[in-house]
Amino acid sequence: MLADRHDEPFHDRTIASPLPGVPDAAWTKFVQTMAAQPFGFVADKGFFGAFGFGVRRLVDLKIMKDPMKIEGNWSGTWIVPQEKFMGSPTMQCQALAKSMDAYRIVIEKKYPRAVGSLIDGNRATLSGVLAAAHLCGSVGLGKWLANPQFRQTFAHVTAGFSRANSIF
């Protein structure tokens, strides 16, 4: 969790919420919960930074372009220099804010009953649904919401939902 890393720049600061109606303190807790890795982290399959952004999401956010899958790994061309993005906690937090606001709109339009629904016995909150969307994308979110078997198969999404649910 970001708050436990004293070498990270946001461990003792409140981060302004980009989401309507979400207090800054709740947004800060969400950011800390979502930061699963160090800011410079790169995973083998093409996930980057503290929040594990996938290549396709980085393309959506206009940080990368030309996504391609080579031997099971996603790659693309960096629009923002990779070193700059990977070395900037501020840039990664801004990308998370932009991404979560976009997912919030998708949730409101495509999955309006998601927030407040029961997911494996837990009342879903916006923070939980956003975490699930971050981990499986908007199409995957629809499958995850509708299908308990899908939730079991993609346990990492369900775990992310559980960690972030009830923050806001």
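Just so it is clear, none of the values below were taken in a lab; they were calculated from the coordinates. Just so it is clear, the model here is predicted, and its values are computed rather than measured. Quick reminder, even Gly has a Cβ in these numbers, built from the backbone with ideal geometry, and neighbours come from all protein chains shown.
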*Taking H as built 1.01 Å from N, whose amide H comes closer than 5 Å to the amide H of Ile15, not counting residues under 5 places away?*
Thr28
*Once Lys and Arg get +1 and Asp and Glu get -1 on their Cβ, which of Pro89, Gly140, Gly72 lies farthest toward the positive end of the dipole of the chain?*
Gly140
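What is the count of Lys pairs in the chain whose alpha carbons sit under 15 Å apart, if the two are 8 or more places apart or on different chains? Please list the in-between numbers first.
Working: Lys45/Lys69; Lys62/Lys84; Lys62/Lys98; Lys110/Lys143.
Close lysine pairs found across the chain: 4.
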*the stretch 2-164: C-alpha gyration tensor shape, a/c 1.5 cut-off, then a/b vs b/c*: oblate
*asked:* Rounded to whole Å, give me the distance from the Cα center of the stretch 122-168 to that of the stretch 57-84.
replied: 24
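Between Thr153 and Lys69, what is 0.36 nm times their sequence separation minus the Cα-Cα distance? Round to one decimal in nm. Before the final figure, lay out each step's value.
On the way: separation 84, 0.36 × 84 = 30.24 nm, distance 2.24 nm.
Stretched fully, the Thr153-Lys69 segment lengthens by 28.0 nm.
Given axes a ≥ b ≥ c from the Cα gyration tensor, I'd like to know whether the stretch 41-85 is rounded (a/c under 1.5), prolate (a/b larger than b/c) or oblate.
Details: a/c = 1.64, a/b = 1.13, b/c = 1.45.
Because a/c hits 1.5 or more and a/b fails to exceed b/c, the stretch 41-85 counts as oblate.
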*asked:* List the trypsin sites (Lys or Arg not before Pro) within the stretch 71-147 that DSSP assigns to loop and that have no more than 13 neighbouring Cβ atoms inside 10 Å.
replied: Arg113
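Would you calculate a helix-derived [θ] at 222 nm for the chain, using -39,500 (n - 2.57) for each DSSP H run of n ≥ 4 and dividing by the full residue count, to the nearest 500?
Only helices count here, giving -15000 deg cm²/dmol.
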